[in-house]
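A short worksheet on the structure shown next.
Nothing in this text is a laboratory measurement; each read-out follows from the coordinates by a stated rule. All figures in this text were calculated on a predicted structure; none of them were measured in a lab. Positions of Cβ are backbone-derived with ideal geometry, glycine not excepted, and every protein chain shown enters the neighbour counts.
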Protein chains: 6
Amino acid sequence: MTWPEVKDYLGKSNIAFVPVGSTEQHGLHLPVDNDWWTANEIAKRTSDRVSAKNISVVITHPVAYGVSPHHMVFPGTIALRIQTFIDVIKDVCLSLNKHGFRKIVIFNGHGGNDAALIVAVTELKEQIAGDVYILNWWDLVIDEIKKTCDPPFFHACETETSIAYALDQRVDRSKLKGEIPQLKPTFVKYDFLAGGPRVHAANPPMNKLSSTGSVGHPSKATKEKGEKMLSTVVDRAAEFVLEIAKD
Amino acid sequence: MTWPEVKDYLGKSNIAFVPVGSTEQHGLHLPVDNDWWTANEIAKRTSDRVSAKNISVVITHPVAYGVSPHHMVFPGTIALRIQTFIDVIKDVCLSLNKHGFRKIVIFNGHGGNDAALIVAVTELKEQIAGDVYILNWWDLVIDEIKKTCDPPFFHACETETSIAYALDQRVDRSKLKGEIPQLKPTFVKYDFLAGGPRVHAANPPMNKLSSTGSVGHPSKATKEKGEKMLSTVVDRAAEFVLEIAKD
Amino acid sequence: MTWPEVKDYLGKSNIAFVPVGSTEQHGLHLPVDNDWWTANEIAKRTSDRVSAKNISVVITHPVAYGVSPHHMVFPGTIALRIQTFIDVIKDVCLSLNKHGFRKIVIFNGHGGNDAALIVAVTELKEQIAGDVYILNWWDLVIDEIKKTCDPPFFHACETETSIAYALDQRVDRSKLKGEIPQLKPTFVKYDFLAGGPRVHAANPPMNKLSSTGSVGHPSKATKEKGEKMLSTVVDRAAEFVLEIAKD
Amino acid sequence: MTWPEVKDYLGKSNIAFVPVGSTEQHGLHLPVDNDWWTANEIAKRTSDRVSAKNISVVITHPVAYGVSPHHMVFPGTIALRIQTFIDVIKDVCLSLNKHGFRKIVIFNGHGGNDAALIVAVTELKEQIAGDVYILNWWDLVIDEIKKTCDPPFFHACETETSIAYALDQRVDRSKLKGEIPQLKPTFVKYDFLAGGPRVHAANPPMNKLSSTGSVGHPSKATKEKGEKMLSTVVDRAAEFVLEIAKD
Amino acid sequence: MTWPEVKDYLGKSNIAFVPVGSTEQHGLHLPVDNDWWTANEIAKRTSDRVSAKNISVVITHPVAYGVSPHHMVFPGTIALRIQTFIDVIKDVCLSLNKHGFRKIVIFNGHGGNDAALIVAVTELKEQIAGDVYILNWWDLVIDEIKKTCDPPFFHACETETSIAYALDQRVDRSKLKGEIPQLKPTFVKYDFLAGGPRVHAANPPMNKLSSTGSVGHPSKATKEKGEKMLSTVVDRAAEFVLEIAKD
Amino acid sequence: MTWPEVKDYLGKSNIAFVPVGSTEQHGLHLPVDNDWWTANEIAKRTSDRVSAKNISVVITHPVAYGVSPHHMVFPGTIALRIQTFIDVIKDVCLSLNKHGFRKIVIFNGHGGNDAALIVAVTELKEQIAGDVYILNWWDLVIDEIKKTCDPPFFHACETETSIAYALDQRVDRSKLKGEIPQLKPTFVKYDFLAGGPRVHAANPPMNKLSSTGSVGHPSKATKEKGEKMLSTVVDRAAEFVLEIAKD
């Protein structure tokens, strides 16, 4: 887009999507860019859906680097320090806001970014005229994931791989090897959807969780499972965007 | 304790508890120090329990100030900038670790500290010889909270007030007035235990959620409910500590 | 206090006390929390005294961690980086000021915090509407200390131990062992009240000054000496607070 | 690429390309992503060329946001604070280096990034085992630019637009309107290739230089001019890479 | 000096002097560079004295900018933020130390720098192999100042002006006008040598202390008084340097 | 100058000169303070020249420490971290601007400061009411340098030494030994005036470029060459200052 085109958009809409992910190992079978790529694809599908309802949005270039220190034991990972990542998110949102985007939706594809994103939007709250939302695609379909896939839901797992199939991501089907961590203490769980009781800790280097880098059951992934979950993600993301478009 | 007493402890144990909370408004009925005070009481009860099993722990003075910018609209709140809070947590843990405490359990009493604590322990991971755990008391009893209290579980609510009763915290029983936020968009939920689909955002100033500062149903709180939940919290916290004591 | 109680206070008074100290070794005979505990006790006694003159003040929870890198050679010390400590002081004062406290008195119990506190209040000067004062209890009674105790006045010494007796602090009377540093160069003095000529330097690790961690003559300490000095501290602190209450 | 694929690369090569640009207004006729897009295309063409000589390189995802505060007066610009940009560059290079990439070539497409890149690589010098190079494409063809295009060479100008044509970038040919700044003092020049005598200053908001955002003569741009310059850029970039591949 | 000359020095000596001051208003009668200039002159005289005893020292270029926010109300003051000043001191000392200077003496001429210098040397303590000393010239002659001049000793006062005369500093003798601050509360004292009881606070803007910028009695200053005090300063500074030269 | 004298200046002029350089090795023959000293001398001569045209300027004390990490391998170098240097420049300019200096000219004498100065003035752009210019003396006379001296123009070379002669700097004529670096890759050039094609990189430790620390041909330097170049520098600097004095 040229700047006059962005200006035209701003005449119709003040919603921007910011896809955010990471560049980090994703097991033997998924590319290192999987997380930002997934977020970007979901953002685009959501944009298409709401534009059918006459809601225009602008999608920024994805933030491709995230919080991945625990993945650095595998080559290909590019990790930002957490403070750098927070600063990038804040600067991007502040720039958008300065131009008039008052509803900014961060489409996040990487669980490891969560805490840093919350810090970023909390700090932005007092600096911005408008709202910044964090949309983790999995938080929209926890029910579907539980119905569709076996636990754990963690990294390069059945769910993530199924979504990759559904998005036509490149998947090396000959290397679908995940592992289930056997780490102590048992209160610390390597599954985003595990119920309590639980205690939190920093992730250990990922090779302590899985020698392939994949945690879970990627070999059970199918395109059908992915499409089912993806479809609900986009339905609900669009529903959300239509809701904020009304204010 | 004197330093020779700390030294003696280190001969027997390398576990330290760090109670963490906030100083922030807690509705008309609870004191501003409720969160760190609750965390500290739970830490002490857990220590008593495990010491009956011959496991010694040291409890530091509580970190009484936390992440509470959204509560600043009510007098009495004292909020650290997020980075300051992260630095305090890191410095306390680094000091403990330098003396030989290799298992540090942060007993957290304030939901608003969560993301910052995760950032802190992630950054500590590469600086510390040992492990730092974040123990949010509610994460140990999500099942009990759901069985015992009405939603939302958020701030100065039925659950938090029941726990306060059980701990003999000072409660102004004449002012048990909570409110249920009616904010849009509906995807953003002011209930830590709400299921999905959900989208995250920074908390708005708390007076937009509730004119009293309390969200939920504090008037339904009872000492019995509190004791039931508290008892499970301490059981499970002790179980966790006994597990890490074994390595 | 609940937030409505703080609000009531603010209707009558705009004075807040912030007790500040450290968590650091205090020789064989005093607890590691001695400095913040002392500051807190003096703040409370001063509050009682001025409230008899109808001046209300609010006392915050003490800042229990301070600038103590040189004490880290003894277990039990928890040291903040200097910048972290400055940030905590600033954030606490800014929060208080935002609610309307325009006269903030930091009751400091730890000499090692001095320089950092001056940096903090200098930086606050341009950010705050009101005044922040640093009240080191010993600066109120230099004359009394000189009359009552033998030099050096430094750390876990005769003066500090006498004050501890007077405040009913826990003191291990069987271990009152201090040492007098014999370090070169002689121009650098380990006595806050030593006259000139003198040159300043960072403190060396405390075990180079004293193998017990106590510098001076703690065995000469008595409750009577402590009560005499303490009484003057509180008299003068109250006189100061009554003076600032008038503007 | 998956992590095993990156690992394979590292068996053959320790060269990585990092395309860097900006997201900023580029006049009425070029997209806001022109600078990182250009850098990325040149990196890819250079990679193709050297791989014909059996030299493998890895190209990272481009750093799409740069130093563009002066462009913020036009919508669509997303500017990082300079320190944020420096931190991103450093974190990306440190991650690459940790995996074994010892020769990192930053393909820069945005003149405004220059100073910050030099700061970044200077700071990296003491942290990295290897070398980081900054390759500004125009610095490879100053002679060709002078021969081919009219001055000034500055922003969305004849040169940049010609290169865009050559790379099949989207160009709005109906809006090729540049302006020549008439600002004082004359010693400050808005032309990267202007000879001396000259004095430097921060760029003013770009709308003071040109109401369209384009400085120079974009209407004189042609694909042929672009191809000629581009061809030399790639020739020389490849020559450089082949040289560093030898050590 | 050329670098081979510095190298020669390092063969004989590992002592460096770093003169530090400020650029700030000094009343109607003294130049804004008075503090660093004074420190530099005293450093030179001390160097001369010890070189007569065969002790060589290197004197760095003075750090001419310091901590002077309260003087900014008068033109000509150039103030560093406190953190900037601390960083400069640390970087200068770290550079000296890297070359082998293990005994670094900061000759400080500005009282406002004190706290920041203590922070700097405390932080340096863990980064440097050697010792950094802070030599405030007045701390060497408190007894002489009290005998020679009338209080207050504060800024552009009788003492500072007498020293200026003795050093042949430019003094505008027609404008020797100081004032004595009449600020409340009385516990806060604008006299470095005032005894207790006292409470500390950030300095207010200097024009609240004195309309001329000079606090005290500059008109009572004489060259004789200055020479007497200066002579003792240099005697004792030299004695100190000779002592540290021995280790 | 006293503050009333600065005030008088501000009545006539709002131009300030800030000489900036470094303290770093300059080969066997030039002193370590050469760069700031040169900048300061040129600033003074420019001031004299424009004052003859009734334009008054104030010259600050020079910033004597700069960006010189690569020179630290030679004793006598004192290097600031880049961020420290940027902060100093910003604080000095902000102070000047606060007093009313709206046209600030940084006379820079050290090439290594360039990038950091550009970062500083870019960040200042949004904080300052007025303009900050960077005047590198060599950028005023590139044509003259090329006509007068042999390449490379880099460090303690023919040009720099000639200017030193012309300014009556102390030069050790018995040690005029420069070297020409033979480093790979050839695209990285150690000559500020070298034409393209070129690629940039951080400077290596200077002893890899030259064992004496001098790069180029200092033995060809003469006072006449220096005077010729210096005269043009001052002519053009004065012309520039007269131009900005007009607005």
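In a reduced charge model with +1 at each Lys and Arg Cβ and -1 at each Asp and Glu Cβ, the protein assembly as shown shows a dipole moment near 0 debye about its Cα centre. Projected onto its three principal axes, the C-alpha set of chain A covers 54, 37, 34 Å, listed from the longest axis down. For a Förster distance of 51 Å, can you work out the FRET efficiency between the beta-carbons of B:Asp172 and C:Asp172, rounded to the nearest 0.05? Efficiency at R0 = 51 Å is approximately 0.80. If you take the square roots of the eigenvalues of the alpha-carbon gyration tensor of the stretch F:207-247 and sort them as a ≥ b ≥ c, do you get rounded (a/c under 1.5), prolate (a/b over b/c) or oblate? Oblate shape, in that a/c is at least 1.5 and b/c is the bigger or equal ratio. Inter-label distance, C:Ser219 to D:Glu224: 10.2 nm, where each label sits 7 Å from its Cα along the C-beta direction. Built from the Cα atoms of the protein assembly as shown, the convex hull projects on average onto 53.1 nm², one quarter of its surface area. Using a 7 Å projection from Cα along Cα-to-Cβ, the label point at E:Lys12 is separated from the same position in the remaining copies by 4.6, 6.3, 6.3, 7.2, 8.1 nm, smallest value first. For the stretch B:54-114, the direction-averaged projected area of the alpha-carbon convex hull comes to 5.1 nm². Between copies, the label points at B:Asp235 (set 7 angstrom from Cα along Cα-to-Cβ) are spaced 3.9, 6.0, 8.1, 8.1, 9.4 nm, reported in nanometres from shortest to longest. For the stretch A:176-241, the calculated P(r) over all alpha carbon pairs, in 10 Å bins from 0 to the bin holding the longest distance, is 17, 34, 31, 17, 0 percent.
Hydrodynamic analysis of the stretch F:1-40 uses the Kirkwood radius over alpha carbon pairs. Inserted into Stokes-Einstein at 20 °C and 1.002 mPa s, it gives a translational diffusion coefficient of 174 µm²/s. Beyond 18 Å, the tail of the calculated P(r) for the stretch D:103-156 holds 42 percent of the Cα pairs. Taking only the Cα atoms of the stretch D:121-211, the radius of gyration and Dmax are 16.5, 49 Å. Distance from the E-onto-C rotation axis is smallest for the Cβ of the chain E residue given, in whole Å, as E:Ala115, 2. Cross-link reach is defined here as a Cα-Cα straight distance under 18 Å, omitting same-chain residues fewer than 8 places apart; for E:Lys53 the lysines meeting it are E:Lys12, E:Lys44, E:Lys103, E:Lys246. Here the relative contact order of the stretch E:35-91, from alpha carbon pairs under 8 Å that lie six or more residues apart, stands at 25 percent. Legend: mean number of C-beta atoms from other chains within 10 angstrom of residue C-beta atoms, peptide C:65-73, equals 3.
Within the listed set A:Gly216, A:Gly27, A:Gly100, the residue fluctuating most in the Gaussian network model of chain A (springs between alpha-carbon atoms under 10 angstrom) is A:Gly100.
Computed from the C-beta positions of C:Lys147 and E:Asp143, the FRET efficiency with R₀ = 25 Å rounds to 0.75.
Divide the volume of the convex hull around the Cα atoms of the stretch D:1-148 by the residue count and you get 128 Å³ per residue. Taking every full run of DSSP H in chain B, the ones that stretch at least 20 Å from end to end by Cα along their long axis and average -1.0 or higher on the Kyte-Doolittle scale are B:82-99, B:223-246. All other residues whose Cβ lies under 13 angstrom from that of C:Ser211 are scored, Lys and Arg at +1 and Asp and Glu at -1, for a net of +2. For C:Lys208, the label point sits 7 Å beyond Cα toward Cβ; its separations from the matching points on the remaining copies run 3.6, 3.6, 4.1, 5.4, 5.5 nm, from shortest to longest. In µm²/s, what is D for the stretch F:1-74 at 10 °C and 1.306 mPa s, where D = kT/(6 pi eta Rh) by Stokes-Einstein and Rh is the Kirkwood radius from Cα pairs? For these conditions, the coefficient is 115 µm²/s.
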